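Visitor: The structure is given below, and queries will be raised subsequently.
The values are calculated or read from the model by the stated rules, or taken from the named source; none is laboratory data. Quick caveat: nothing in here was measured; it's all calculated off a predicted structure. Cβ: placed from backbone, ideal geometry, glycine included. Neighbour counts: every protein chain shown. Only protein heavy atoms, including side chains, enter the accessible area calculation; ligands, DNA and RNA are left aside. Shrake-Rupley method; radii C 1.70, N 1.55, O 1.52, S 1.80 Å.
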Amino acid sequence: MSLLNATQVQGGYGGMNILKGVDMAIDKEDIGVIVGPNGAGKSTMLKAIFGLVQVTDGDILLRGESIRNRQPNELVHLGMGFIPQEKNIFPSMTVEENLEMGAYIKPRTTARMLEKIYSFFPDLKQKRKQPSGELSGGQRQMVAMGRALMTEPTLLLLDEPTAGLSPLYMQEIFDRIVEINKAGVGILMVEQNAKQALAIATKGFVLASGQNLFTDTGEKLLNDPDVAKSFLGG
Amino acid sequence: MNELVFFINNVVISGTVAGSIYAIGAIGITLVFSIMRFAHFAHADLMTFGALMVLMFTSLFPGSGALLGIPTPLLMLPLGMAMTAFLAIGIDRTFYKPMREHGVKPIVIVIASLGVTLMLQGLIRLFAGTGSRSMYVGESKGIYRLELPFELASRPIVITEPQITLILFTLVAVIGLHLFMHRTRTGKAMRAMSDNPDLARVSGINTDKVVMVTWILAGCLAAAAGTFLSMDVSLTPDLSFHLLLPIFAAAIVGGVGHPYGAIAGGFLVGFAETLSVFNWAVLLRPIRHWFPEWVEIPRTLALVGTEYKIVVPFFILVVVLVWRPTGIFKGKVI
Ligand SMILES: Nc1ncnc2c1ncn2[C@@H]1O[C@H](COP(=O)(O)OP(=O)(O)OP(=O)(O)O)[C@@H](O)[C@H]1O
Ligand SMILES: [Mg+2]
């Protein structure tokens with residue numbers, strides 16, 4: 001049984017269907033990467049999985065149980081974490097407070113998890129008393145990831161975690177994602193840095209106009225001339 | 001010296017009292033705005049309602065405060081606060097929450113809250129009549145006269161018991177609120193929701209609970225402010241009408257969504273009001289001899305007459321917003 005299994009998902013904003021029947025399956029050991037042109041519906045798909053966009057047709061199963069149109073906070077309790085593409089921190093709150101809010105549903109484990117996150121992202125430990133809105137883009141991304149990891153999720157959804165980061169920082173974030181995955185967290189992420197992301201992906205999904213164009217292992221998609229020509233910039 | 005006493009009584013004490021009331025009211029408005037993103041016009045009516053509840057309990061058990069050596073309305077205040085918190089939650093559940101869930105624009109909820117204001121004012125008049133009432137039933141208001149140990153000061157500084165309680169309450173409320181927002185899990189969740197409501201939801205924060213806590217805080221603060229004000233003056237059904245503009249001005253001037261801004265705004269508006277109706281002639285008279293002969297000092301020399309006091313908050317509002325469109329502390333633009 002897959003960790004996450006979305007079948008023929010349709011949905012969108014206010015009656016307008018953006019997703020026109022999307023399939024996606026992820027196992028515990030997987031890093032799934034969604035690529036595709038701007039406006040393809042990649043973010044919409046993640047939001048649909050996380051109960052932030054109305055799903056009108058199809059189904060989404062978490063460990064075999066339907067989570068279609070469940071409230072986000074129920075999904076957090078079920079072990080899912082989500083890092084939105086934009087506005088993914090609490091800017092006026094300190095780094096530590098951001099992390100504490102991540103553990104809102106598990107107040108007892110806060111102290112232990114803070115230690116864990118700080119050893120995982122040592123930069124954050126130094127900045128823990130600083131308002132997170134004053135951090136650099138890369139550090140904010142770490143706060144956002146740290147926040148989502150505070151509940152020890154088993155499935156993490158990330159929307160463009162490397163957007164706007166320098167190549168060095170981007171690689172750093174990807175390395176961290178691989179580490180998180182190795183620790184037993186299923187990953188599904190949207191990425192614009194398609195080549196680098198597909199290189200770490202076990203599963204790749206190419207989305208366009210709200211539909212699956214290609215679905216394969218990351219490696220196969222990277223070497224597929226059709227995919228390369230239209231989506232990876234040659 | 002007497003002039004100084006006059007200044008202390010009419011500006012320092014009056015300004016602090018008005019400022020405290022406005023600050024507490026503005027904090028409520030700002031809290032509600034930062035969590036639910038709408039301007040809650042019925043806020044001042046929660047103040048009247050709270051005072052009315054306190055008066056009701058006081059009339060039911062007159063003189064019971066004597067057991068603790070405090071005025072009965074003060075003893076009944078916690079009950080009034082609880083009732084007001086219940087009312088606030090009830091109003092939210094019946095009117096605002098269904099609208100939020102339908103995803104209506106904030107302006108629609110603002111208008112709904114105007115409707116709630118009118119409804120509450122009507123209900124309050126229906127049950128309590130239109131006259132003004134004293135909050136003291138069979139008791140009298142404590143008034144303190146502090147004689148100054150100077151020969152030239154023959155007049156005392158006058159401060160009343162409810163004024164002292166109000167000022168102390170404001171101090172405790174401000175410090176308590178700060179600790180709550182920065183030290184407790186629920187308080188931090190409130191700040192998180194104010195910062196980024198979508199992310200709060202995604203983080204698993206129980207947003208319904210945060211909304212409820214916000215109404216409890218707003219209701220309790222409003223009831224307290226209304227009660228102290230009514231104890232100091234008297235309880236009239238149009239209390240809220242006179243408070244609405246200054247507390248909104250205070251919240252906006254301070255920076256909407258910013259509790260410290262609300263406090264600063266409240267005191268700014270409170271002092272500006274008292275300073276502008278203060279009779280400056282009193283302070284000029286002792287230095288009369290510095291002026292040339294032909295200068296006459298009029299009997300009253302105030303910026304505006306007491307009747308026009310209400311223009312002051314507006315004036316401050318406009319001046320501050322021109323200078324800083326988001327308020328003194330950078331607030332969220334409504
Ligand atoms: N909140 C919204 N309300 C209405 N339409 C929206 C909303 N968000 C996105 N859309 C529409 O949905 C479509 C898909 O948007 P989506 O954000 O999923 O794209 P994306 O693949 O993530 O693109 P990008 O790579 O630019 O992030 C777009 O046509 C967009 O206009
Ligand atoms: Mg997107």
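Visitor: Residues of region B:195-213 being at the interface with chain A (Cβ under 7 Å from one of its Cβ atoms) and within 25 Å of the chain's Cα centre (by Cα), which ones?
Guide: B:195
Visitor: Given the options B:155, B:185, name the one that is among the basic types (Lys, Arg) and more than 14 Å from chain A (Cβ to nearest Cβ). Steps first, please.
Guide: Working: B:185 fails: more than 14 Å from chain A (Cβ to nearest Cβ).
None of the other options fit; the residue is B:155.
Visitor: Could you say whether any residue in region B:211-228 is without any contact (Cβ under 8 Å) to a residue 24 or more places away in the chain and either in a loop (DSSP other than H, G, I, E, B) or not hydroxyl-bearing (Ser, Thr, Tyr) (or both)? Steps first, answer last, please.
Guide: Keep residues of region B:211-228 that are without any contact (Cβ under 8 Å) to a residue 24 or more places away in the chain, which gives none.
No, because not a single residue in region B:211-228 is without any contact (Cβ under 8 Å) to a residue 24 or more places away in the chain and either in a loop (DSSP other than H, G, I, E, B) or not hydroxyl-bearing (Ser, Thr, Tyr) (or both).
Visitor: Continuing with the same structure: With (1) open to solvent by less than 80 Å² (accessible area, probe 1.4 Å); (2) at negative phi as the list, and residue B:306 as the residue in question, which single condition is left unmet?
Guide: (1)
Visitor: Residues A:133, A:164, A:204, A:210: which one is surrounded by 23 or more Cβ atoms within 10 Å (Cβ to Cβ) and either within 16 Å of ligand 2 (Cβ to nearest atom) or not charged (D, E, K, R) (or both)?
Guide: A:204
Visitor: Of everything in region A:102-111, what is in a helix (DSSP H, G or I), open to solvent by 10 Å² or more (accessible area, probe 1.4 Å) and not aliphatic (A, V, I, L, M)? Give them in sequence order.
Guide: Correct list: A:107, A:108, A:109, A:110.
Visitor: Name, by its number, the condition in (1) surrounded by fewer than 22 Cβ atoms within 10 Å (Cβ to Cβ); (2) under 30 Å from residue A:86 (Cα atoms); (3) in contact with a Ser or Thr (Cβ under 8 Å, 6 or more places away or on another chain) that does not hold for residue B:184.
Guide: (3)
Visitor: Among the residues of region A:6-17 satisfying the criterion of being assigned to a strand (DSSP E or B) and open to solvent by 40 Å² or more (accessible area, probe 1.4 Å), which is nearest to ligand 1 (Cβ to nearest atom)?
Guide: Taking region A:6-17 and keeping what is assigned to a strand (DSSP E or B), we get A:6-13, A:16-17.
From the residues that got through so far, the ones that are open to solvent by 40 Å² or more (accessible area, probe 1.4 Å) too are A:7-8, A:10, A:13, A:16-17.
Numbers: A:7: 19, A:8: 17, A:10: 13, A:13: 3, A:16: 7, A:17: 10 Å.
Top of the filtered list is A:13.
Visitor: Now for a different question. State yes or no: is residue B:179 under 14 Å from the mean Cα position of the chain (by Cα) and either among the hydrophobic types (A, V, I, L, M, F, W, C) or open to solvent by 10 Å² or more (accessible area, probe 1.4 Å) (or both)?
Guide: No.
Visitor: With the requirement that a residue be within 16 Å of ligand 2 (Cβ to nearest atom) and of a type in the set (D, E, K, R), what does region A:41-72 give you?
Guide: Those that are within 16 Å of ligand 2 (Cβ to nearest atom) and of a type in the set (D, E, K, R): A:42, A:47.
Visitor: Would it be correct to say that residue B:169 is among the aromatic types (Phe, Trp, Tyr) and part of a helix (DSSP H, G or I)?
Guide: Yes, satisfied.
Visitor: Inside region A:74-96, can you point out the residues that are open to solvent by less than 20 Å² (accessible area, probe 1.4 Å), in contact with a helix residue (DSSP H, G or I) (Cβ under 6 Å, 6 or more places away or on another chain) and more than 8 Å from chain B (Cβ to nearest Cβ)?
Guide: A:81, A:83, A:95
Visitor: Scan region B:128-176 residue by residue and report those that are closer than 24 Å to residue B:219 by Cβ, loosely packed, with under 15 Cβ neighbours inside 10 Å and aliphatic (A, V, I, L, M).
Guide: Within region B:128-176, B:168, B:171, B:172, B:175 meet the criteria.
Visitor: Now a separate question. Which is away from every other protein chain (no Cβ under 14 Å), at pLDDT below 95 and away from ligand 1 (no atom under 15 Å from the Cβ), of A:167, A:161?
Guide: Result: A:167 is the single residue among A:167, A:161 that is away from every other protein chain (no Cβ under 14 Å), at pLDDT below 95 and away from ligand 1 (no atom under 15 Å from the Cβ).
Visitor: Taking the criterion of being closer than 30 Å to residue A:13 by Cβ and surrounded by 14 or more Cβ atoms within 10 Å (Cβ to Cβ), would at least one residue in region B:83-93 satisfy it?
Guide: Step one: filter region B:83-93 for residues closer than 30 Å to residue A:13 by Cβ, giving B:92-93.
Those left that are additionally surrounded by 14 or more Cβ atoms within 10 Å (Cβ to Cβ): B:92.
Yes, because at least one residue in region B:83-93 is closer than 30 Å to residue A:13 by Cβ and surrounded by 14 or more Cβ atoms within 10 Å (Cβ to Cβ).
Visitor: Can I ask one more? Identify, please: which residue in region A:138-161 is out of contact with any Pro (no Cβ under 7 Å at 6 or more places or on another chain) and either within 18 Å of residue A:194 (Cβ to Cβ) or within 16 Å of ligand 2 (Cβ to nearest atom) (or both) and is, among those, most open to solvent (accessible area, probe 1.4 Å)?
Guide: Top of the filtered list is A:160.
Visitor: I would also like to ask the following. Can you tell me which condition residue A:217 does not meet? The list is (1) out of contact with any strand residue (DSSP E or B) (no Cβ under 8 Å at 6 or more places or on another chain); (2) of a type in the set (Val, Ile, Thr); (3) without any contact (Cβ under 8 Å) to a residue 40 or more places away in the chain, and all the others hold.
Guide: Looking at each condition in turn, residue A:217 falls short on (1).
Visitor: Hey, can you tell me all the residues within region B:126-155 that are assigned to a loop (DSSP other than H, G, I, E, B) and among the aliphatic types (A, V, I, L, M)? Give the derivation first.
Guide: In the first step, residues of region B:126-155 are kept if they are assigned to a loop (DSSP other than H, G, I, E, B); the result is B:129-132, B:134-142, B:147-155.
Residues satisfying the conditions are B:135, B:137, B:148, B:152, B:153.
Visitor: In region A:122-144, which residues are touching a strand residue (DSSP E or B) at 6+ places or on another chain (Cβ under 9 Å) and of a type outside the set (A, V, I, L, M)?
Guide: A:127, A:128, A:129, A:130, A:131, A:132, A:141
Visitor: Determine, yes or no, whether residue A:195 is within 16 Å of ligand 1 (Cβ to nearest atom) and either in contact with a Leu (Cβ under 6 Å, 6 or more places away or on another chain) or of a type outside the set (Ser, Thr, Tyr) (or both).
Guide: yes
Visitor: Have a look at A:99, A:52, A:62, A:114 and point out the one that is within 9 Å of chain B (Cβ to nearest Cβ) and buried (at least 17 other Cβ atoms within 10 Å of the Cβ). Steps first, answer last, please.
Guide: Numbers: A:99 fails: within 9 Å of chain B (Cβ to nearest Cβ); A:62 fails: within 9 Å of chain B (Cβ to nearest Cβ); A:114 fails: within 9 Å of chain B (Cβ to nearest Cβ).
Unique residue meeting the criteria: A:52.
Visitor: Taking the conditions exactly as written (touching a helix residue (DSSP H, G or I) at 6+ places or on another chain (Cβ under 8 Å), closer than 16 Å to residue B:262 by Cα, modelled with pLDDT of 95 or more and part of a helix (DSSP H, G or I)), does residue B:199 satisfy them or not?
Guide: no
Visitor: A further question follows. Mind checking which helices (runs of 4 or more DSSP H) fall wholly inside region B:244-334 and carry at least 3 residues that are more than 30 Å from residue B:174 (Cα to Cα)?
Guide: B:281-284
Visitor: Could you please tell me which pairs satisfy a Cβ distance under 8 Å, a separation of 6+ or placement on different chains, a first residue in region A:49-60 that is at negative phi, and a second residue that is assigned to a loop (DSSP other than H, G, I, E, B)?
Guide: Filtered contacts from region A:49-60: A:49/A:67; A:54/A:69; A:55/A:68; A:55/A:69; A:59/A:68; A:60/A:67; A:60/A:68.
Visitor: Checking the structure you have, find out if any residue of region B:105-114 is open to solvent by 70 Å² or more (accessible area, probe 1.4 Å) and touching a helix residue (DSSP H, G or I) at 6+ places or on another chain (Cβ under 7 Å).
Guide: No, region B:105-114 contains no residue that is open to solvent by 70 Å² or more (accessible area, probe 1.4 Å) and touching a helix residue (DSSP H, G or I) at 6+ places or on another chain (Cβ under 7 Å).
Visitor: Hey, another quick one. Would it be correct to say that residue A:41 is at positive phi, crowded, with 23+ Cβ neighbours inside 10 Å and not acidic (Asp, Glu)?
Guide: Spelling it out, residue A:41 is indeed at positive phi, crowded, with 23+ Cβ neighbours inside 10 Å and not acidic (Asp, Glu).
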